[in-house]
Every structure is written in structure tokens, then in C-alpha cells.
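Visitor: After the C-alpha cells below, expect a handful of questions from me.
The values are calculated or read from the model by the stated rules, or taken from the named source; none is laboratory data. As the structure is a computational prediction, the values presented were derived from the model and not from experiment. Glycine gets a Cβ as well: all are built from the backbone with ideal geometry, and neighbour counts include every protein chain shown.
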Amino acid sequence: MSRNQLITLLSLTKLKLVLLYFSSLIISPASAQITPDTTLDNSPSKVNSQSLNNLLIEGGVKNQSNLFHSFQEFNINKGQQVFFANPQGISNIITRITGNNPSNINGVLGVNGFANLFFLNPNGIIFGKDARLNVNGSFIGSTAESINFSDGSFFSAIEPNNPALLKINVPLGLQYGNNPAAIQLKQANLQVKPGKTLGLIGGNVSLDNTILKAPGGTIQLGGLLDSGIVNLNNFKSFSFPQNIKLGDISLTNKSNIEVIADGGGDIFVDANNFDLDNSNIRAGIRKGLGNKDAVAGNIDINARGDINLNNNSNINNILEPDSIGEGGKIDIRTNNFFLKDANILTDTESSGNAGDLIVTAENKFEIISSPVNISLGGEGRKGLSSKTEEEATGNGGNIIVESPEITISGIGGIDSSTKGFGDGGTVTILTDRLNIIEGAAVLSNTRSSGNAGEIFIQASEFIEISNKLSDTRFNLPPRPPGGIIADIRRGNTEDGSGGKITLETARFTLRDGAFITTDTKGRGDGGNITIKATELVEVIGHRNSPNTQIVTEVRNRASGKGGNLLIETKNLVVANGATINVGTSGSGDSGNLHLKATESIILQGTSDNSPSNIIAQVGQDSNANGGNITIETKNLNIQDGNQISASNLGRGNSGNISIKATEALNINGNFSTTESSDRLVAESFQDDNNFLFPSGIFSSSPGIGNAGDLNIETDKLNLENKAQISVSSQQQGAAGNLTIQGNQIFIDNASITADTVAGDKG
């Protein structure tokens, strides 16, 4: 062979080798991304190309119902599909990555059969835009170092040459080392079959514009940042060790987690910090699905650090219309809970009962809602809700909030309401310190035949409710005043009753236009209000705010009875135009008002247009009866034109006033204004074209009905500076009887009167 021939032959050989090299790159681009290692001895994992973008993984080590695979690298490119073969008798396919790189999943990961798939990479897992699952069993993605078994054996990604291949059927836990890697999902869409589990257990776990679905199954997100073992509970949930730092979990940019189906469907989140931003978590029973034994699964979120829910995010557990079964609960536990412009809801639109909503925060609980236009009934408020919708016969779930410090502000709210035939759930708040400020509210109402739920609040230190606004944007109409509301909505032609309100604390303050009410605007009876404060109750108005009020009232055209109002405390202060009121403007009788203060009751100060008042009233055109006022204290002081009055503008009978001040009753002064006022008794006290409000106690009937009796018992009675005590009737109704018992009575430029125009004298 000549030299030239030899050169030509060598060149051709090189060309063939080059072509062969490039050919290998072209025909198997995926095989370079999935590289089996050599740790499984005589049964290595094998990657077989079925087509350019379709790979089948075979081989591995079989041990009873488990099949073990081991890889140096494992990545799936966009457009590729990688399936694990599922030999007969295999229930679990357990895959580990022993190299040093994270796995990037940008295509389809599946199983040709019904086995569960465990995917273990301690370096991290990244699910990209086109990531999908095609598995008939459950899928567990983890950045743990090994999978552990009860006999002490383990399948390790960092000790791949450990010879112990497993002797038990079911894996029991995931062993994590120090600083486990993250699991990231970016525009991924991962779904498992109905009833199966989708678990992502990493260091930190983040979902960005990602969808996770397990209809009627289980979705669990968990993070662990220290070494420890996460126990696997029969593929249904994971148990995290105590006193070990957990990783952070976040859902952002319209991410969604959903398990809603025909029943079952649980969602578990275990984290240090949990963030939900413009994203949703949803469980429940789908429209038209379920059966009489069906129960929706629960949403269970445990964050040892902070929970932040923001930007129109939602956590919902819902019974959709025509579904059959019971609702599941939402249970949230954390150190600090912050909700801003987000919603958490349990809801029934069917015959089943909605689940309970429970939030426990060991340190702080805050609901903040930005200024928005909302209705007086609460629609549009952001916060916690449990609802019974129209035509639903199931009852609403209970709401329970427990934290040492609770703040609800900025038109945020806690709302239990019913529009259907089922009853609303109870709202329970347990705390040391409660602030309801800037238009925020706790609500329970009914618009149908279902009864409104009760509101129970217990605060060991104080309850403060204020409508004072720090942001002028809140003045945008309509902006209902904040407070505590358990009422029957206007237009309710059914018999649903209002819920009662019970408040227990040391110090209670209601101020700056806030209010507490159990009004009825329909056929049902209004609920009672009970306030018990061991030290102090303050009801304080503000010159630029609507009247601060505690009120139970039968509204115009309503036929239900009004609720009773009871305040028990050491000292009671009603000031600056505030009002405590029971009354009726409809056909139902008013409830009674009972004030008990072991030391003192003080009425002082005025707002721009009105004094402070304690009132039992019957409105114009009403034929119902007014409520009684009963006051028990040591010292009762009334000044600045403030009044205690039972007034009847209607056709029924006014309630009676009974006052017992064991030490002294002091009444002093007056208040006058040129501004018009809607005070019921104002027209009785005109002076020089101004409205004059004398300080005093009044039982009057400006209408055609009868006035009530006025009974006063005290040791010392002091009336000064235009103060008045009066019973009167201005039309054909009878004036009530006036009885005063006192050891000492002092009157200076003041009066005690009993007058009637046409009826019987008092």
C-alpha cells in the first residue's frame, strides 16, 4: 500500500469515527441526560430508546414488591418522555441519583404500570415549564439522602455502595442530611390519578405559576433543613420530626393546588415559613359528585415560623352545588399569621355541612385588607369566612381563632353567614389582646331561614374596637363602620334568628364610630349582646365620626323580637356622643337593657351634634313594646347633657326604667346645639330656637302609646344646673309612674316633673 493510499484510508477512518460520534449525539440526545451508575452490580438500570424522544428505563434490582434504580445523572429535556418499566409484582419503583447535580425535569416522567414512583436526588429537583407526570400510582419527589426501612436498612444516594438491598416491602421514611437541597417548580403542571398521593419533600419548596392536582387524593409539601427522618404514613401523609428546623414553602404567581373531587382529598403543608401570593389552595366535593358517606378532605398547614397570605390568594374547602357529603376542615397552625387582601373559606352550597376553619398562632395573628368598596353585609371583606349559600340546607362551619395578640384592620373581617336554610357557624376568638380597627369587623348574619351563628370572644387583657382611620382612602364610599355584627339582613322574609354576641375580657373599649349590633331586619328574633369586663367598659364617640353604638334593635318592617343587652363590669363610661340602645321600629318587641357596674357608671362629653345616651325606644308607627332599662351600680354620674331615656313615639307601651345607685346619683348640666338632631326627645327641650339637651333621666311618650315607669333608688341624689328627672306623655298616652327613694336629695336649678297632655298622669 502506498503512502498516499494509507493517508486516504486513515482519513476515511477518522471521518467515519467523527460521523459515528455525531451520529450518536443525534440519535440518542436523551441518553446523555439519563446516565445509570454502576452501583447495582449485576442488575444495573438500563435506558432504552424507543424513539428519538421516548425512553424506557428497565433493569434495576427487584426485592419483593420493590424495584430499585440508580443513576449518576437524571434529566428530561423538553419534548421528551421517560417511562419506567413496571414488572409484574412491583408496587414501588425507588429511584436515586448518586451524582452531584440536580435533576431538571422539563418533559414527561411516567410509569408503564400502577407502581408508586419514588424519585430521590439530594442535589435538588427542578420541574420546568413542560414538566408533567404520567403515573398511575403515587409520586414522591424528595431531596432526602436515603429511603429507610424498619429493619435498619436503607437505600442511599450518598452511600450508593452500601450492599444492603432491602428486605421489607414498604418504605417507612426519608433520611435527610444537613442543608437538604430545594425542590423548584416553574410553570410545571403535575397531576396524579384520583385517590393517589403527590408529595414534594425537599429543603425549601417553591411553586411559581405551577399547578398540582390529586383529585380525591393527597398533596403534601414539606421542607426540612436539618438532618432527620421524615416518616411516611402509608403513602397518605408524612410526619416531620419535632424541634428540627423546617424549610420554607411558597406558592406564587397564580400557582394552584387542588384535590377537589367526589370526596377525600387532603392537602398537607409542613414548613418553617409558608407564603401564598396570588395563588390558590382548594379542596372539597365537586358539583354533582359525592355520596351520603362522602367526606371532603382537610387542608392542614403547619408553619413553625410565619404564614403570609397575600394579593388575592385563596384557601378554600367547598361543597359545590348539588354535591353530596360533608365538608372538610381547614386547620392552620403557626407562630405568626399575616393575611393581607386574601381569603380563607369553608363553604357549603349543598345539603352537607361545611367544615370548620381553625387558625392557631402562637405569637401574632393579623388580618389586613386594603380599601375597597364593600357592602354593609360584609361582601367584599377579606379575611376568614364560613358560609352557607342560597338554597343550601347544610350548616356553616365554625371559625376558631386563637392567638395571644389578634389584630383585624383595614376592612378585613371574620365572617360567618348564611343565605340558605342551614344555620351559620359559631365564631370563637380566644386571645389576650384583641384589636378590631379601621373599619374591620367580626360578622355573623342570616338572610334566610337559617339561624345566624354566635360570636364568642374571650380576651384576658383587653378588647379594643375602633373605627378611626389612618388612611384617607378608607373614606371611599360605601364604607360601613366596623365592629361586631350578628344580625338579620334586610329583606329576610324567613324565620332565621340572629346570633348572640358574648364578649369576656378585663378591659373593653368601643370608640370612634365603631359599633356592636344584633339588629333584626326580618321575621327572626335578634340575638342577645353580653359584655363582661372585670375592670372597665368604655363606649366613646368622636366629633367627626358616626355615633359609637352598642345596639339591639327591631328595624322598620321587621317582625322579630329584639335581643337583650347586658353589660357587667366594674366601671362603665359612655362618652363623647356614644350610645347604648335597645329599641324597635317594627312590629316586634324590643329587648331589655341591663347595666351592672360594681363601682360606677359615667355619662360625659358630647360629639358635634349629640350627647351620649342610654336609650330604650319605640319608633314612630311601631305598635310594639319597648324594652326595660335596669341599672345597678354604686355611683351613677350624668353630665354635659347626656341622658338615660325610655321613649315611645309609637302605639305600643314604652319600657320601664329602674335605677339603683347604692351610694350616689349625680346629674349635672346640659348640652345645646343649633344643628338639627334625630334625638327622639329633642323636641321636648327647645330653648331660644336651639335644641337643649338637659342632663337627666326621662321616661316619655311623644307618640300615642304609653310611657313607662321610672323608679330610682339611691342614698344621695344631686340634681344641678338644669338637670331633669321626668316622666311625661305629650299625646293621649299615659305617663308612667315616678318613684324616687333616697336618704338625701339635693336640687339646685334643676327639676323633677311628671306631665301629661291628655292621658293619665304619672
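Visitor: Inside region 262-280, can you point out the residues that are more than 23 Å from LEU225 (Cβ to Cβ), part of a strand (DSSP E or B) and modelled with pLDDT of 95 or more? Break it down stepwise before answering.
Guide: So the first thing to find is which residues in region 262-280 are more than 23 Å from LEU225 (Cβ to Cβ), and the list is 262-266, 278, 280.
So of that shortlist, the ones also part of a strand (DSSP E or B) come out as 264, 266, 280.
Correct list: ASP266, ASN280.
Visitor: Right, another one. With the condition kept exactly as written, say whether any residue in region 202-209 is more than 16 Å from ILE126 (Cα to Cα) and assigned to a strand (DSSP E or B). So that I can check it myself, show each step before the final result.
Guide: First pass over region 202-209, keeping only residues more than 16 Å from ILE126 (Cα to Cα): none.
No: zero hits.
Visitor: Sort out for me the strands (runs of 3 or more DSSP E) sitting completely within region 307-388 that have 1 or more residues that are at pLDDT 95 or above and under 12 Å from the mean Cα position of the chain (by Cα). Step through it out loud before you land on a result.
Guide: On the way: elements: 314-319, 324-326, 330-340, 343-348, 357-368, 382-388.
In region 307-388, 314-319, 330-340, 343-348, 357-368, 382-388 are the strands (runs of 3 or more DSSP E) which contain 1 or more residues that are at pLDDT 95 or above and under 12 Å from the mean Cα position of the chain (by Cα).
Visitor: Continuing with the same structure: State whether one or more residues within region 26-43 are outside any loop (DSSP other than H, G, I, E, B) and modelled with pLDDT under 50.
Guide: Quick first cut of region 26-43, residues outside any loop (DSSP other than H, G, I, E, B) only: 26-27, 34-36.
This time we only want the ones that are modelled with pLDDT under 50, so: 26-27.
Yes, region 26-43 contains at least one residue that is outside any loop (DSSP other than H, G, I, E, B) and modelled with pLDDT under 50.
Visitor: Restricting attention to region 222-247, which residues are small (Gly, Ala, Ser) and either more than 15 Å from PHE118 (Cβ to Cβ) or part of a loop (DSSP other than H, G, I, E, B) (or both)?
Guide: Of the residues in region 222-247, the ones small (Gly, Ala, Ser) are 222-223, 227-228, 237, 239, 247.
Result: GLY223, SER227, GLY228, SER237, SER239, GLY247.
Visitor: While we're on this one: Name the pairs: first residue in region 172-187 and over 24 Å from GLY152 (Cα atoms), second residue surrounded by fewer than 19 Cβ atoms within 10 Å (Cβ to Cβ) and basic (Lys, Arg), Cβ to Cβ under 9 Å, at least 6 apart or on different chains?
Guide: Correct list of pairs: LYS186/LYS129; GLN187/LYS129.
Visitor: Could you tell me how many of the residues in region 633-681 are modelled with pLDDT of 90 or more, polar (S, T, N, Q) and either over 30 Å from SER587 (Cβ atoms) or in contact with a helix residue (DSSP H, G or I) (Cβ under 9 Å, 6 or more places away or on another chain) (or both)?
Guide: Count: 8.
Visitor: Can you find even one residue in region 188-197 that is assigned to a strand (DSSP E or B), closer than 18 Å to PRO122 by Cα and at pLDDT 90 or above? Full working, then the answer.
Guide: Residues of region 188-197 that are assigned to a strand (DSSP E or B), as a first pass: 189-191, 197.
Restricting the remaining residues to those that are closer than 18 Å to PRO122 by Cα gives none.
No, because not a single residue in region 188-197 is assigned to a strand (DSSP E or B), closer than 18 Å to PRO122 by Cα and at pLDDT 90 or above.
Visitor: If you check LYS596, LYS570, LYS561, LYS634, which single one turns out to be surrounded by 22 or more Cβ atoms within 10 Å (Cβ to Cβ), touching a strand residue (DSSP E or B) at 6+ places or on another chain (Cβ under 8 Å) and basic (Lys, Arg)?
Guide: On the way: LYS596 fails: surrounded by 22 or more Cβ atoms within 10 Å (Cβ to Cβ); LYS570 fails: surrounded by 22 or more Cβ atoms within 10 Å (Cβ to Cβ); LYS634 fails: surrounded by 22 or more Cβ atoms within 10 Å (Cβ to Cβ).
The unique qualifying residue is LYS561.
Visitor: Can you tell me how many residues in region 101-118 are more than 20 Å from ALA182 (Cα to Cα) and among the aromatic types (Phe, Trp, Tyr)? Before you say what the answer is, go through the steps one by one.
Guide: Initially, region 101-118 is screened for residues more than 20 Å from ALA182 (Cα to Cα), giving 108, 110-116.
Still in the running and among the aromatic types (Phe, Trp, Tyr): 114.
Selection size over region 101-118: 1.
Visitor: So, in region 134-155, of the ones that are among the polar types (S, T, N, Q) and under 17 Å from GLY177 (Cα atoms), which residue ends up surrounded by the fewest Cβ atoms within 10 Å (Cβ to Cβ)? Let's see the steps before the verdict.
Guide: Step one: of region 134-155, the residues among the polar types (S, T, N, Q) are 134, 136, 138, 142-143, 146, 148, 150, 153.
Next, from what is left, pick out any that are under 17 Å from GLY177 (Cα atoms): 142-143, 146, 148, 153.
On the way: SER142: 29, THR143: 32, SER146: 25, ASN148: 22, SER153: 18.
Once the filter is applied, the top-ranked residue is SER153.
Visitor: Can you find a residue in region 49-64 that is closer than 30 Å to LEU200 by Cα, at pLDDT 95 or above and acidic (Asp, Glu)?
Guide: yes
Visitor: What number of residues within region 544-578 satisfy the criterion of being out of contact with any Phe, Trp or Tyr (no Cβ under 9 Å at 6 or more places or on another chain), in a strand (DSSP E or B), free of Cβ contacts under 8 Å to residues at least 60 places away in the same chain and closer than 15 Å to ASN642 by Cβ?
Guide: Counting residues in region 544-578 that are out of contact with any Phe, Trp or Tyr (no Cβ under 9 Å at 6 or more places or on another chain), in a strand (DSSP E or B), free of Cβ contacts under 8 Å to residues at least 60 places away in the same chain and closer than 15 Å to ASN642 by Cβ gives 2.
Visitor: Quick one: which residue in THR505, THR530, THR493 is at pLDDT 95 or above and surrounded by fewer than 24 Cβ atoms within 10 Å (Cβ to Cβ)? It would help to see each step written out before you state the result.
Guide: On the way: THR505 fails: surrounded by fewer than 24 Cβ atoms within 10 Å (Cβ to Cβ); THR493 fails: at pLDDT 95 or above.
Going through THR505, THR530, THR493 in turn, the sole match is THR530.
Visitor: Follow-up. Identify all residues within region 633-653 that are part of a strand (DSSP E or B) and either in contact with a His (Cβ under 6 Å, 6 or more places away or on another chain) or within 23 Å of THR548 (Cβ to Cβ) (or both); write none if there are none. Give the derivation first.
Guide: To start, the set of residues in region 633-653 that are part of a strand (DSSP E or B) comprises 633-639, 643-648, 653.
Answer for region 633-653, where residues must be part of a strand (DSSP E or B) and either in contact with a His (Cβ under 6 Å, 6 or more places away or on another chain) or within 23 Å of THR548 (Cβ to Cβ) (or both): THR633, ASN635, LEU636, ASN637, ILE638, GLN639, GLN643, ILE644, SER645, ALA646, SER647.
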